[in-house]
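J.: Structure provided below as structure tokens; questions to follow.
The values are calculated or read from the model by the stated rules, or taken from the named source; none is laboratory data. Remember, predicted model here, so these are calculated numbers, not experimental data. For neighbour counting, all protein chains shown are included, and Cβ atoms are generated from backbone atoms with ideal geometry for every residue, glycine included.
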Amino acid sequence: MTPVGKLEPVKVGGVTVSNVTLHNFGEIQRLDVRAGDMVSVHRAGDVIPKVTRVWTDQRPADSEPVKLPATCPVCDSPVVLPEGEALARCTGGLFCPAQQQESLIHFVSRRAMDIDGLGASWLISFFEHGLVKTVADIYQLHKHQDELITLEKLGEKSVKNILSAIETSKQTTLARFIYALGIRGVGETTAQNLAQQFGDLDALMAADIDKLLQTPDVGAITAELIHEFFRAPHNIEG
């Protein structure tokens with residue numbers, strides 16, 4: 001879960017800013033930022049602005065620390081903050097619509113499957129129209145070509161380009177595909193190590209924790225997360 005701070009609109013670098021990223025709950029605690037605070041904001045390039053300082057001497061007398069929400073604002077699943085971690089997590093997994101969307105956006109991203117033209121805005125639109133709910137659905141979009149063309153601002157040429165990019169993405173490497181799955185704890189380096197260790201996806205999916213632990217850069221926690229991922233029915237269907 002990525003918290004966002006709401007500001008009274010202010011000009012920063014010639015751009016009106018009303019939202020700032022707070023990164024994670026650990027950052028909220030580190031800054032001790034609270035509702036009603038006056039803050040300093042920094043914006044670099046196209047990066048979402050961030051809070052760099054909280055002016056505590058101008059803080060309202062009745063301010064209170066931000067509390068971790070008990071439930072996800074999207075799916076109402078319990079929210080947890082694992083000990084020693086900064087990132088609060090919704091426990092809804094891929095049953096949470098917000099997590100479904102984020103998993104799709106990660107899957108098509110440049111460092112993952114690199115599906116050119118299929119950006120976050122279009123993925124969310126396809127999701128909201130019921131065309132894409134899982135990564136497997138992305139590879140069924142060709143069956144909905146006529147419907148895609150009718151979507152606002154998406155013409156026939158754009159649809160053909162997206163479908164072509166989807167088809168091209170099937171020729172990716174195993175390491176990229178593993179990374180694209182968005183398994184918690186598996187970054188690009190770990191994905192490359194897993195690809196070298198197991199050679200194909202079936203072998204990785206069948207691996208027990210002991211075999212996973214033989215992979216460089218894979219510790220007990222990551223091995224458990226990988227093992228659980230491939231045993232969750234919603235991750236292997238389709």
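J.: What is the residue count in region 165-179 for residues that are surrounded by 14 or more Cβ atoms within 10 Å (Cβ to Cβ), part of a helix (DSSP H, G or I) and hydroxyl-bearing (Ser, Thr, Tyr)? Break it down into steps so the answer makes sense when it comes.
T.: So the first thing to find is which residues in region 165-179 are surrounded by 14 or more Cβ atoms within 10 Å (Cβ to Cβ), and the list is 165-166, 169, 172, 174-179.
The next check asks that each one be part of a helix (DSSP H, G or I); those that pass are 165-166, 169, 174-179.
Going one step further and asking which of them are hydroxyl-bearing (Ser, Thr, Tyr), we end up with 169, 179.
Total meeting the criteria: 2.
J.: Also, quick follow-up: What's the number of the only condition in (1) aliphatic (A, V, I, L, M); (2) over 30 Å from Lys133 (Cβ atoms); (3) at pLDDT below 90; (4) loosely packed, with under 14 Cβ neighbours inside 10 Å that Ile48 fails to meet?
T.: Exception for Ile48: condition (2).
J.: For the structure I just gave you, tell me whether Glu85 is among the charged types (D, E, K, R), loosely packed, with under 15 Cβ neighbours inside 10 Å, out of contact with any Pro (no Cβ under 7 Å at 6 or more places or on another chain) and farther than 23 Å from Ser164 by Cβ. Spell out how you get there, then give the answer.
T.: Details: among the charged types (D, E, K, R): yes; loosely packed, with under 15 Cβ neighbours inside 10 Å: yes; out of contact with any Pro (no Cβ under 7 Å at 6 or more places or on another chain): yes; farther than 23 Å from Ser164 by Cβ: yes.
Answer is yes for this residue.
J.: Sort out which residues of region 1-22 are out of contact with any strand residue (DSSP E or B) (no Cβ under 6 Å at 6 or more places or on another chain) and modelled with pLDDT of 90 or more, and write them in order of number.
T.: Of everything in region 1-22, those that are out of contact with any strand residue (DSSP E or B) (no Cβ under 6 Å at 6 or more places or on another chain) and modelled with pLDDT of 90 or more turn out to be Pro3, Lys6, Glu8.
J.: Moving to a separate point now. Which is touching an Asp or Glu at 6+ places or on another chain (Cβ under 7 Å) and not aliphatic (A, V, I, L, M), of Arg110, Arg59, Arg43, Arg89?
T.: Working: Arg110 fails: touching an Asp or Glu at 6+ places or on another chain (Cβ under 7 Å); Arg43 fails: touching an Asp or Glu at 6+ places or on another chain (Cβ under 7 Å); Arg89 fails: touching an Asp or Glu at 6+ places or on another chain (Cβ under 7 Å).
Going through Arg110, Arg59, Arg43, Arg89 in turn, just one is touching an Asp or Glu at 6+ places or on another chain (Cβ under 7 Å) and not aliphatic (A, V, I, L, M): Arg59.
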